[in-house]
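Remarks on the structure that follows.
The values are calculated or read from the model by the stated rules, or taken from the named source; none is laboratory data. Since this is a predicted model, take the numbers as computed values, not measurements. Here Cβ is always computed from backbone atoms with ideal geometry, including for glycine, and neighbour counts include all displayed protein chains. Note: areas computed on protein heavy atoms with side chains; ligands, DNA, RNA excluded. Shrake-Rupley method; radii C 1.70, N 1.55, O 1.52, S 1.80 Å.
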Amino acid sequence: MSAILKRLSLGVLVLQTTGLVLCMRYSRTLPAVGPLYLASSAVLLSEVLKMLTCLLIIYKEHRFILSATYLNLLEEIVHRPLDTLKLAVPSAIYTLQNNLLYVALSNLDAATYQVTYQLKILTTALFTVVMLKRKLAWHHCLSLSLLTLGVIFVQFPAGSVARPESHGTPLVGLFAVLLACFSSGFAGVYFERILKGSRQSVWLRNIQMGLFGSFFALVGVLVRDWEQVHKAGLLQGYNSLTWIVVILQAVGGLVVAAVIKYADNILKGFATSLSIVLSSLISYMLLQDFMPSMLFTIGALLVIGATFLYGYEPKEPSNLVKI
């Protein structure tokens, strides 16, 4: 049963990661009959859907007793305002990150985005050393060096061919990915720090983050796209593909949280590698907005190898190197 759950976890993680990237890219470059959907509205709906999903999970944990669920939420969220406010910082950063991913995939092909976004491993490691005072083993340092080198190779010219209808600007996409990597690293370590000092479940913490995230996402809609929303509505340009993107983004973090329970670091690295390969193949064969070069292939292989190496856990303690 354990082996089956691991394989199932691997499959779910690969499908979710690959599906979100490809669907988001396709939805932002697909020739539309009407107006293109607003990225800010998609982020808002994803936050609301994620919060509702966590509410249902907590409702189930309380044996579908509404009064018990209500009292639990009242006690843990309303009666602990300072504890709840701690989630405002990562919520704001995650909301910014989700908006940046739409910008990135509007300007970069799925394969280049997937490889470059793995730099979040580097930023997470750096914030872990600074904020959590952890030490990195030698293989972590080597992995981060290979990761950086691989991403540099991928960003050399001739990695992709932009689709004329997408009007993408690779430099804008690269800048958006780099900002997303830094925001992901900081928010992830900050959230981990809060979780380790708390007795609350990850589902309850996600509800708290969803409350703030929905607020910040709503502010983003009003500031960035109020005129368009006022003119054509919040759901302008939405179709079935757009809703798939919203759902995948909403359940993404929850899927990863559930998968980690059954999968180890090696499987996580394997899932990431499979996702990069699948994204590259589909981007090349179906979306036709990507043409792999030798440098891209070498860079992608370095990133995949670095991902495996970073997740490697030696049986015996090794010499630790603090950076």
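For residues in the range 174-215 being more than 15 Å from L85 (Cα to Cα) and of a type in the set (K, R), which is least open to solvent (accessible area, probe 1.4 Å)? Before you say what the answer is, go through the steps one by one.
Step one: list which residues in the range 174-215 are more than 15 Å from L85 (Cα to Cα), which gives 174-186, 188-189, 192, 196, 199, 201-203.
If we keep only those that are of a type in the set (K, R) too, we end up with 196, 199.
Numbers: K196: 145, R199: 168 Å².
My answer is K196.
Annotation note: Cβ proximity below 7 Å between a residue of the range 54-77 that is under 12 Å from Q200 (Cβ atoms) and a residue that is open to solvent by less than 80 Å² (accessible area, probe 1.4 Å) and not in a helix (DSSP H, G or I) (sequence gap 6+ or interchain) occurs for N72/H62; E76/Q200.
For (1) at pLDDT 85 or above; (2) among the basic types (K, R), each residue gets a yes or a no:
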position: T95; (1), (2): yes, no
position: L101; (1), (2): yes, no
position: L105; (1), (2): yes, no
position: R134; (1), (2): no, yes
position: L149; (1), (2): yes, no
position: G159; (1), (2): no, no
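Applying the condition of being among the polar types (S, T, N, Q), modelled with pLDDT of 65 or more and part of a loop (DSSP other than H, G, I, E, B) to the range 286-323 and asking which residue is least open to solvent (accessible area, probe 1.4 Å) yields S293. Only residues that are under 15 Å from V221 (Cα atoms) and open to solvent by 10 Å² or more (accessible area, probe 1.4 Å) were counted across the range 23-37, and they come to 1. Among residues of the range 163-173 being buried (at least 16 other Cβ atoms within 10 Å of the Cβ) and modelled with pLDDT of 80 or more, the one that is farthest from Y113 (Cα to Cα) is P170.
The single condition among (1) out of contact with any Lys or Arg (no Cβ under 7 Å at 6 or more places or on another chain); (2) within 30 Å of Y310 (Cα to Cα); (3) open to solvent by less than 20 Å² (accessible area, probe 1.4 Å) that N99 does not meet is (3). The residue pairs whose first member lies in the range 242-253 and is over 13 Å from L22 (Cβ atoms) and of a type in the set (A, V, I, L, M), whose second member is open to solvent by 30 Å² or more (accessible area, probe 1.4 Å) and part of a helix (DSSP H, G or I), and whose beta carbons are closer than 6 Å, counting only pairs six or more residues apart or on different chains, are V246/L45; A250/L49; A250/K50.
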